[in-house]
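Presented below is the structure to which this report refers.
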Amino acid sequence: MKRQVSLLLILALLLAACTACGGSQTTTDGSASTGSVSAADGSGGEAADVAQVEAALEQFLTSVYTTDDQGRYTAYLAAMEALDSTVSSAEGSAAYEEFPAEVAEAYYAGISPLVTEDLYEKLVQNRIPFKYDALYAETPAMVQDVALTAQENGYSYTVTLQIDGETATRSGKLQWAEQDGAVLVSYFYEAD
């Protein structure tokens with residue numbers, strides 16, 4: 001019973017840490033519209049406002065490349081530390097097999113509303129953005145600029161990061177899809 005209460009408390013803390021970014025979509029009121037584009041995944045959906053698409057892509061990239069965005073990594077570390085204290089040696093690794101999936105779900109709560117289900121699964125599988133949070137835990141990376149270039153089948157991107165006073169860049173390609181009126185990232189490729 002004590003372990004169940006501890007697990008519920010940990011999940012509540014993780015979800016609270018990610019609530020600020022969960023589910024919100026960046027949209028425009030049309031006044032900044034520079035045209036419209038069709039979904040880059042070939043879904044044939046209605047054309048979306050270019051500014052809306054680019055804002056959604058920028059929000060995704062900022063979340064991926066900003067260390068500990070919305071406190072997700074800090075909450076993850078706290079959850080894992082709490083898990084270590086609730087697992088007895090008799091329970092062993094069986095408890096770890098069950099709980100980390102819940103921790104991962106809470107960790108990705110800020111990104112999941114920004115991406116398609118297929119891309120979400122690929123991000124979790126490839127540990128993105130977790131690998132950046134872990135890599136830059138001591139010297140956090142902050143997104144300084146996101147440059148998007150429209151291409152025939154999506155966008156190319158360059159993200160400029162500030163890391164411990166130094167500038168670094170990440171680049172790659174993105175595609176998007178429109179689902180239920182929301183622009184979601186459907187493809188993410190890192191060239192670096």
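The values are calculated or read from the model by the stated rules, or taken from the named source; none is laboratory data. From a predicted model like this one, the values you see are computed outputs, not experimental measurements. Remember, those area values only see protein heavy atoms, side chains included, never the ligands or the DNA or RNA. Shrake-Rupley method; radii C 1.70, N 1.55, O 1.52, S 1.80 Å.
Observations, loosely collected:
- Cα shape, the range 104-175, gyration tensor, a/c 1.5 rule: oblate
- Protein heavy-atom accessible surface, 1.4 Å probe, per residue over the range 113-192: 55 Å².
- Integer Hz, Karplus 6.51/-1.76/1.60 couplings in order for the range 181-192, x for Gly and Pro: x, 9, 8, 10, 6, 10, 8, 9, 10, 9, 7, 8
- Going by accessible surface with a 1.4 Å probe and the largest first, Tyr108, Tyr73 read Tyr73, Tyr108.
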